[in-house]
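Reviewing the structure listed below.
The values are calculated or read from the model by the stated rules, or taken from the named source; none is laboratory data. The shown structure was predicted, so the numbers you read here are calculated from the model rather than taken from an experiment. Cβ placement follows ideal geometry from the backbone for every residue including glycine, while neighbour counts extend to all protein chains displayed.
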């Protein structure tokens, strides 16, 4: 073989090798490399999924833990529910008491210089005057009065005058109860007692508790005395001896 032919063979071989290398590089190795990359990416993707599942499990466990804690809180709340209720009740009571005191103060400030005038079936006039008054807490139909003056007037008889430190006046039946340092004056007589209950519709009054009746000629002590408003007759009811002193 001549040198020229040998050079041509070597040149052709180099061309074949170059073409083969190009083919391998672009048409064979790229899919393999791509496949390897896909496998690597798949592994990383799987790892991400595993981490995500683990994180989800941790979140679920965390949620369960929070739920258990919440349930424990609820249980604790149930255990302390009575105390909370008592606290709220006491707080409400304090608010109510403050409101009651406020209402009483307002009532007392508004109800001053009170005057009530009523008449009975005999046209007798019952007048009650008081410096202060407020509604009774236990009975809204009753008015509690202080520094009280009472007058019972009649066209045919002289007046009866009543004074006391306190009194209760009932709107519904128009009855009155005078008490503490009670003084009743009529005609020329003076009656003192601890309590004096006036029943206007029945025309009677009952005095009881350290009852003393005085006039210009006598001094009498008794336990209970019934006074007829119309006739002014006195009915003495006492289990003890009645003490009468005459001049």
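Could you list, in sequence order, the residues of the stretch 155-173 that are assigned to a loop (DSSP other than H, G, I, E, B) and either free of Cβ contacts under 8 Å to residues at least 40 places away in the same chain or outside the structural domain of residue 191 (by TED's automatic domain parsing) (or both)?
Residues satisfying the conditions are 155, 156, 158, 159, 171, 172, 173.
Evaluate the stretch 180-196: report whether one residue or more is surrounded by fewer than 14 Cβ atoms within 10 Å (Cβ to Cβ), over 22 Å from residue 112 (Cα atoms) and touching a residue at least 40 places away in the same chain (Cβ under 8 Å).
yes
Go through the stretch 146-163 residue by residue and tally those that are buried (at least 19 other Cβ atoms within 10 Å of the Cβ) and either modelled with pLDDT under 95 or closer than 23 Å to residue 231 by Cβ (or both).
First, pick out the residues of the stretch 146-163 that are buried (at least 19 other Cβ atoms within 10 Å of the Cβ): 148, 150, 152, 160, 162.
Next, from what is left, pick out any that are either modelled with pLDDT under 95 or closer than 23 Å to residue 231 by Cβ (or both): 150, 152, 160, 162.
Count: 4.
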